[in-house]
Amino acid sequence: QTHFLSHSLQAKMSRPVQARRLEGIDKNIWVDFVKLAATYSKVNLGQGFPDFPAPDFLTEALTRALGGGNHMLHQYTRGFGHPPLVKVLAQFFEKLLGRDLDPMTNVMVTVGAYQALFCCFQALVDEGDEVIIIEPFFDCYEPMVKMAGGTPVFVPLRPNPPKDGKLMSSADWQLDPAELASKFSERTKAIVLNSPNNPLGKVFSREELGLIAELCVKHDVLCISDEVYEWLVYDGKQHIRIASLQGMWDRTVMIGSAGKTFSVTGWKVGWAVGPDRLLQHLRTVHQNSVYHCATIAQEAVAQGFQRELMLYGKPESYFVQLPKELQQKRDWLIQSLDSVGMKPIIPEGTYFLVADISQFKSDVPDVPNSDEPYDYRFVKWMVKNKGLAAIPLSAFYSEAHKNNFTNFIRFCFAKEEATLKAAKDILQKWKQEKTSS
Ligand code: PMP
């Protein structure tokens, strides 16, 4: 009897436990690299979050929400978004898009931009659908498309280095119009656009967005527009919202993040803005998965937006001040990297920049025929031996194209002056050791 029981229990245990939709997406670079940075780094320019404080007006709003008279802020709120937050987001985006928005049907609040992305893929992508992803890309797009049963189709931004010996800019990475057009077919359901782009910092121009829009309209394709870095644009460049282009509002979901907008990545408040015909399906996914995110965080973000609406375009606006400060930090890191020969690609937006490690490769020998891309090995070595954390660029490429881009690493410059200075000291010391050896 006992023997029979243990046998049958064992037989049950051998059934596959993992759902088929998880096949091939179980590896994730953030798990490895975040752990590595936590264990070894003295200076962490890896993952994208600020190490400086959030603005006072926002933390004060949170404190008020927490301890103020309204104890209902500790309870559930409206599932698709706390009313004050969807209302102010609608007002804000009405101004930016020049069209009327209904807070209840054109805006949905999510658990970070991450969940807005997840809702898009689950709600809009069907088995067998193709989704175009522009490389390099924020890495979660690929597994999210696959989990929905779709097939990612990649199209690269191709670098054209300037001939005059100047530093490359993210604007030198461009889509080949014919190549992009060749990826659209009757199977294409959507394209993911991320401008300003993580990891390059590219801010797509009006012409580039026009080309994408034209193809979307021609092939009746949806656009999932990840705009979490919408306020982080430098050198007087302008962030253009693809939803404002002809024929695009009805087919676009815009995604934003309070984490990136107000330097509070840990709050995990994000949103989706778009036409009801698309958002109604995102609401179904949201309702049946997370329901909503923390009420008090939504309340404080709503107050942050009310402040920004009042100060819109004025010098005191956080959306004016933050990019100004970050541009200085960007220039500082560019100078530090350039001075040691780790050539940076100047980002037009975001708080990331990508740098060329070619001149440092002799310190970190390649292992021929290894499964691991070279830049992964380089970053691991750098964290362990120099205490400086970054992220390998090839992490932002599909498996098939990873090996073409193993000479670059990504740094985050949303950091205190002291952190950036410590990074510079590490790089300079390393460079000196190289020249003297
Ligand atoms: N999209 C992009 C391009 C990002 O870089 C990030 C965060 N690194 C997200 C979405 C996720 O944002 P959130 O933290 O609001 O979920």
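When the pairs LYS42/LYS268; LYS380/LYS421; LYS42/LYS146 are compared against a 28 Å limit on Cα-Cα distance, LYS42/LYS146 fall above it.
Expressed as a rounded percentage, what relative contact order does the stretch 56-311 have, with Cα pairs under 8 Å and six or more residues apart?
Once divided by the residue count of the stretch 56-311, the mean separation gives 29 percent.
Only Cα sites of the chain enter the Debye sum here, all with the same form factor; the resulting log10 I(q)/I(0) across q = 0.09, 0.13 1/Å is -0.60, -1.21, listed in q order.
When the solvent-accessible area of the chain is split by element, carbon and sulfur atoms take up 51 percent of it, the probe being 1.4 Å. Computed on the Cα atoms alone, the convex hull of the stretch 56-311 gives a volume of 127 cubic angstrom per residue.
Longer than 31 Å from Cα to Cα, which of LYS27/LYS386; LYS202/LYS415; LYS237/LYS361 are they? Say none if no pair is.
Table pairs above 31 Å Cα-Cα are LYS237/LYS361.
Seen from GLY387, the other residues with C-beta closer than 11 Å to its C-beta sum to a net charge of +3, counting Lys and Arg as +1 and Asp and Glu as -1. For PRO156, what is the net charge nearby, where nearby means another residue's Cβ is under 10 Å from its Cβ and Lys, Arg count +1, Asp, Glu -1? Here the charged neighbours net out to -2. Membrane-span-like helices in the chain, defined purely by DSSP H runs whose alpha carbon atoms cover 15 Å or more axially and whose average Kyte-Doolittle hydropathy reaches 0.5, are 29-40, 83-97, 112-124. Using a cut-off of 10 Å between beta-carbons, work out the net charge of the residues near ALA422 (Lys and Arg +1, Asp and Glu -1, ALA422 not included). Local charge sum for ALA422: +1. With a/c under 1.5 counting as rounded, go ahead and sort the stretch 153-281 into rounded, prolate or oblate using the C-alpha gyration tensor (a ≥ b ≥ c being the square roots of the eigenvalues; past the cut-off, prolate if a/b is larger than b/c, else oblate). Since a/c reaches 1.5 but b/c is at least a/b, the shape of the stretch 153-281 is classed as oblate. On a per residue basis, the chain carries 46 Å² of accessible surface, using protein heavy atoms and a 1.4 Å probe.
The values are calculated or read from the model by the stated rules, or taken from the named source; none is laboratory data. What you see is a predicted model; the values in this text were computed from it and never measured. Quick reminder, even Gly has a Cβ in these numbers, built from the backbone with ideal geometry, and neighbours come from all protein chains shown. What goes into the accessible areas is simple: the full protein's heavy atoms, side chains included, and nothing from ligands, DNA or RNA. Shrake-Rupley method; radii C 1.70, N 1.55, O 1.52, S 1.80 Å.
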